[in-house]
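Single-structure report; data block below.
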Amino acid sequence: MKDIPLVEMRNIVKSFGKVQALRGVDFTIGKNEIVGLLGDNGAGKSTLIKVLVGLYKPDSGEIYLEGKRVSFNSPKDARDAGIEPVYQDLALANLMSISRNFFLGREPTISIGPFKFLNRKEMDRVSKEALTDIGVTVRSAEETVSFLSGGERQAIAIGRGIHFGAKLLILDEPTAALSVKETRKVLELILEAKKRGLSVIFITHNIYHVYQVADKFTLLEHGRKVGDFEKNTVKPEDIIDIISREAVK
């Protein structure tokens, strides 16, 4: 019996006025799989993901999660179903602490009389322990996110998804503008997420980064899917050549 994919998107079409952003795209990611979603600027990668998480409604097409058809009305719906997107801005609030960002939307509270207050001690303890558990050291869970490096911010966002039981992490350019050391750490966290049973969609322009961790690659161009490629069938240079050829068609 064929394994049921974690996510299957069938014949997704999306237009903005006269601009057809997605032209009947099929996309599949299996359970415990890392897929590199690749393509030049304007290929349709971001639009496809925004359709998946409920930011955009497709004009036509179907989405299945673990074999059941779904239709998300918002990113919260997708998040509640186990799909955790991490965008380039990391969806972190700069003026909030690490622990506040870690629990964003899931804050534990304590009651004092008729009033409820955030249980900050519990948030600090759990977030620090959860990050330490995946190999991320933070100086203090009370530290403001604005003082963190890009790699540390990525670590919090990825760690949050792992801790709260996400089934799928969607990472948009997670290694952009990171140092070599921070890039290595983020790639290690992606492999750690897979080790813990999660699937990961890795969107990037850096083929060499995603090639180190992905199981397969899905290439888009001009709103169409060029193809799916297993890692053992292509080298990074092959992927670059395919994207370059398709971009000029």
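The values are calculated or read from the model by the stated rules, or taken from the named source; none is laboratory data. Computed from a predicted structure; not experimentally measured. Cβ placement follows ideal geometry from the backbone for every residue including glycine, while neighbour counts extend to all protein chains displayed. Each accessible area value is taken on the protein alone, full model and side chains, heavy atoms only, with ligands, DNA and RNA left out. Shrake-Rupley method; radii C 1.70, N 1.55, O 1.52, S 1.80 Å.
Remarks
- A Cβ distance below 6 Å, combined with a sequence gap of six or more or placement on separate chains, defines the contacts here; from the stretch 109-127, residues that are without any contact (Cβ under 8 Å) to a residue 60 or more places away in the chain reach residues that are among the aromatic types (Phe, Trp, Tyr) and open to solvent by less than 70 Å² (accessible area, probe 1.4 Å) in the pairs Met123/Phe103; Ser127/Phe102.
- Selection count where residues are in contact with a helix residue (DSSP H, G or I) (Cβ under 9 Å, 6 or more places away or on another chain), open to solvent by 40 Å² or more (accessible area, probe 1.4 Å) and under 30 Å from Phe16 (Cβ atoms), scope the stretch 226-242: 3
- Which listed residue, of Lys57, Lys50, Lys31, is open to solvent by 60 Å² or more (accessible area, probe 1.4 Å), assigned to a helix (DSSP H, G or I) and not acidic (Asp, Glu): Lys50
- For beta carbons closer than 8 Å, sequence separation of 6+ or different chains, a first residue in the stretch 35-47 that is at positive phi and a second that is open to solvent by 20 Å² or more (accessible area, probe 1.4 Å) and in a loop (DSSP other than H, G, I, E, B), the qualifying pairs are Gly42/His222; Gly44/His222.
- For the residues Val86, Val70, the requirement of being β-branched (Val, Ile, Thr) and either without any contact (Cβ under 8 Å) to a residue 24 or more places away in the chain or surrounded by fewer than 16 Cβ atoms within 10 Å (Cβ to Cβ) (or both) singles out Val70.
- Checked against the criteria, Asn41 counts as open to solvent by 50 Å² or more (accessible area, probe 1.4 Å) and under 21 Å from Val210 (Cα atoms).
- Subset of the stretch 89-104 (residues that are of a type in the set (A, V, I, L, M) and either open to solvent by 40 Å² or more (accessible area, probe 1.4 Å) or free of Cβ contacts under 8 Å to residues at least 60 places away in the same chain (or both)): Ala91, Ala93, Leu95, Met96, Ile98, Leu104
- Candidates Gly82, Gly105, Gly113: the one that is more than 21 Å from Gly161 (Cβ to Cβ) and not aliphatic (A, V, I, L, M) is Gly113.
- Qualifying residue in the stretch 198-212 (condition: farther than 26 Å from Ala93 by Cα, touching a Phe, Trp or Tyr at 6+ places or on another chain (Cβ under 6 Å) and buried (at least 20 other Cβ atoms within 10 Å of the Cβ)): yes
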